[in-house]
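Everything below concerns the one structure shown next.
Each value in this text was obtained by applying a stated rule to the coordinates, not by laboratory testing. The model shown is predicted, which means the values in this text are computed figures rather than measured ones. Virtual Cβ from ideal backbone geometry, glycine too; neighbours counted across all protein chains shown.
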Amino acid sequence: MHPKSSLMDETRFFNKAVETLGRDELDALIDERVSYTISYAAEHSPFYRDWFRTHHIDPGEVRSHEDLLSLPIISGKTVRENQPPGTPEFRFLSASMGDIFTIHETSGTSGVPKSFFLTYEEWLRYAEKYARIFVSQGFKKGDRVVVCTTYGMNVGANTMTLAAHRIGFTIIPTGNCNFPVRTLTNYHPTAIIGSVFKFIHLARRLAGEGISIRDLGLERLVVGGESFAQEAREYVGELWDCGVYNTYGSTEGTMCGECHQLTGLHIPEDLVHIDIYDPAMAEFVKEGECGRAVLTTLLPVGAKCGTLLINYDTEDTTSVISREPCPCGRTHMRITNPQREAETVWVNGAPFNRVDIERGVFQHENMQYLTGEYEAFLYAGQDEQETIMRVGLECEDPDLGDTRHIGDRFLDSFLKGRPALTAAHADGSFRILFRFTKPGGLELHTLKGRPKRLVDRR
Ligand SMILES: [Zn+2]
């Protein structure tokens, strides 16, 4: 091999030995860690000690990832019920407080925030997960990266920053996308980490201030924090004229990411185990089928852990794309972009997600007229069988847009491959109405907090 290509090959990985482990060796490593994690839980986690006893589980019998499939599932509700105010103690805390480096909380959008306790070792493991993702996306020493992700009680931005230290790139920790334009023109970042809508807003603001995005020299954007339609990603890529990579992370420790091949999100299988579960069937799905991602923390033998999770329902839906090696050289499995179950609604017995609405909005030709901002509300109709969905779309100028064609393109995309919804739409039991507004005219702009773009008001 040419020396230069061999050098480049090495730099494509953060931890090449682990990231390219053969399937058998990787499975053996996973099983060793499942075994250790279970015994650690039995010894150190008050919640899991009782859980094993209640469910007649002998921790010594759980020795492989296959064994996890026979254990019960826990949820965010379980975590919330086992911490104040539900119980006086944090029953998921699995290390002594003297070993805890930081304390975190989830955003609490669905009630009491869940508390997470991290040892410094866990910071290093979380940072390693991000570092592997960033390197797989082409980040290297010398990059300068604006982090628009919020710093605070969540883990993401903080551990991304430690990942930067381990790779050797520079962080510009703005924590949001409302930073002054000089952040870009003075420091010449090579990448920004944010979300689809943060990137759209920022592009619009730059255009308003007469800044040409193409002159900024950005090499890539990293999207995280929420699911998005492929069409929305393409639109952001066109606005910014650079690659857009997806990263899925949570305080619970998922942290999966797309490599430069864009063939799905790699799961760091040696550090977190994911199975796919169907809550309606109360069983795990067949390979390739869609279901809820169920997570188990994997601890290296001898490691300490502040909060560990076994068979934890993330309430995000995904499916396995492949466990075969990726063209990038990584062997770790790949999944589809997870969607939030909380953003799925059912009409006439058929489900759809906010991302399906987003796909309809971001149809390529629509984006000559639309800003990308949208919202959809579901209402009960006159009779019991009828559902009305009102889709609000923001236009640069509502008088200029060809609104009928925008609606048609939305419907073509939204109903495609959905026979139940198509039939309901055709017979009038599912009516879809459009409202076109000026920028700022959507209801979501008047509501506080994280925008909810699909709201069921039936
Ligand atoms: Zn890959």
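Kirkwood hydrodynamic radius computed over the stretch 285-338 comes to 13.0 Å, based on all pairs of distinct alpha carbons.
Derived scalar couplings between HN and Hα for the stretch 59-64 equal x, x, 8, 8, 10, 9 Hz in order, rounded to whole Hz, by the Karplus curve 6.51 cos²θ - 1.76 cosθ + 1.60 (θ = phi - 60°), x for Gly and Pro. Checking every one of the trypsin sites (Lys or Arg not before Pro) in the stretch 79-180 against DSSP loop status and a limit of 14 other Cβ atoms within 10 Å picks out K140, K141. Computed over neighbours whose Cβ is under 14 Å from that of A207, the net charge equals -2, Lys and Arg +1, Asp and Glu -1.
Per the Kirkwood formula applied to alpha carbons, the chain shows a radius of gyration over Rh ratio, Rg over Rh, of 0.97. Averaging Cα coordinates gives a centre for the stretch 301-321 and one for the stretch 121-148; these two points are 20 Å apart.
Taking only Cα atoms, what is the 0 to 90° angle, nearest 10, from helix 196-208's long axis to the longest principal axis of the chain? Tilt relative to the chain: about 50 degrees. Length gained on full extension, V285 to E443, computed as 0.36 nm times the residue gap minus the Cα-Cα distance: 53.0 nm. The slack between Y151 and A350, meaning 0.36 nm per residue of separation minus the straight C-alpha distance, is 67.8 nm.
Residue order for S35, S227, S96, fewest other beta carbons within 10 angstrom first, comes to S96, S35, S227. For the stretch 77-106, the list of GluC sites (Glu not before Pro) that fall in a loop by DSSP and count at most 16 other C-beta atoms within 10 angstrom reads E89.
From least to most packed, judged by other beta carbons within 10 angstrom and beginning with the fewest, D456, D316 follow the order D456, D316. Only helices enter this figure: runs of n ≥ 4 DSSP H residues, each worth -39500 (n - 2.57), summed and divided by the residues of the chain, yield -9500 deg cm²/dmol at 222 nm to the nearest 500. Please give the FRET efficiency for E209 paired with D99, using the beta carbon to beta carbon distance and R0 = 56 Å, rounded to the nearest 0.05. Using R0 = 56 Å, I get an efficiency of 0.70. Our compactness index for the stretch 140-282, the C-alpha radius of gyration over the empirical 2.2 N^0.38 Å, is 1.10.
Taking a ≥ b ≥ c as the square roots of the eigenvalues of the alpha-carbon gyration tensor, the stretch 209-356 is classed oblate because a/c is 1.5 or more while a/b is no larger than b/c.
Any idea how far apart T54 and D383 come out in nm if each label point goes 7 Å out from Cα toward Cβ? Spacing of the two 7 Å Cα→Cβ label points: 4.6 nm. Using equal-weight Cα scatterers in the Debye expression, the normalised intensity of the stretch 66-186 in log10 at q = 0.09, 0.21 Å⁻¹ is -0.36, -1.20. Calculated from the alpha-carbon coordinates, the stretch 299-458 shows an Rg and a Dmax of 19.7, 65 Å respectively. Compute the acute angle (0 to 90°) between the alpha-carbon long axis of helix 23-44 and the principal axis of greatest extent of the alpha-carbon atoms of the chain; round to the nearest 10°. That helix lies at roughly 70 degrees to the long axis. Scanning the chain for chymotrypsin sites (Phe, Trp or Tyr not before Pro) lying in DSSP loops with no more than 16 further Cβ atoms inside 10 Å, the longest uninterrupted stretch between such sites is 152-458.
Sorted on the mean count of surrounding Cβ atoms within 10 Å across their residues, most packed first, peptides 207-214, 335-342 read 335-342, 207-214.
Residues of the stretch 200-243 with the amide nitrogen closer than 14 Å to a label point 7 Å from the Cα of V181, along Cα-to-Cβ, please. Within reach of a label on V181: 202-216. For the stretch 269-392, the spread of Cα coordinates along the three principal axes comes to 61, 37, 30 Å, biggest extent given first. In terms of other Cβ atoms within 10 Å, M333, M97 run from fewest to most in the order M97, M333.
Overall shape of the stretch 1-158 was characterised from the C-alpha gyration tensor. The equivalent ellipsoid obtained from it has semi-axes of 34, 24, 12 Å, in decreasing order. Which net charge results when you count Lys and Arg as +1 and Asp and Glu as -1 among the other residues whose beta-carbon is under 12 Å from that of F52? Residues near F52 contribute -2 overall.
The relative contact order of the chain, computed from alpha carbon pairs under 8 Å that lie at least 6 residues apart in sequence, is 13 percent.
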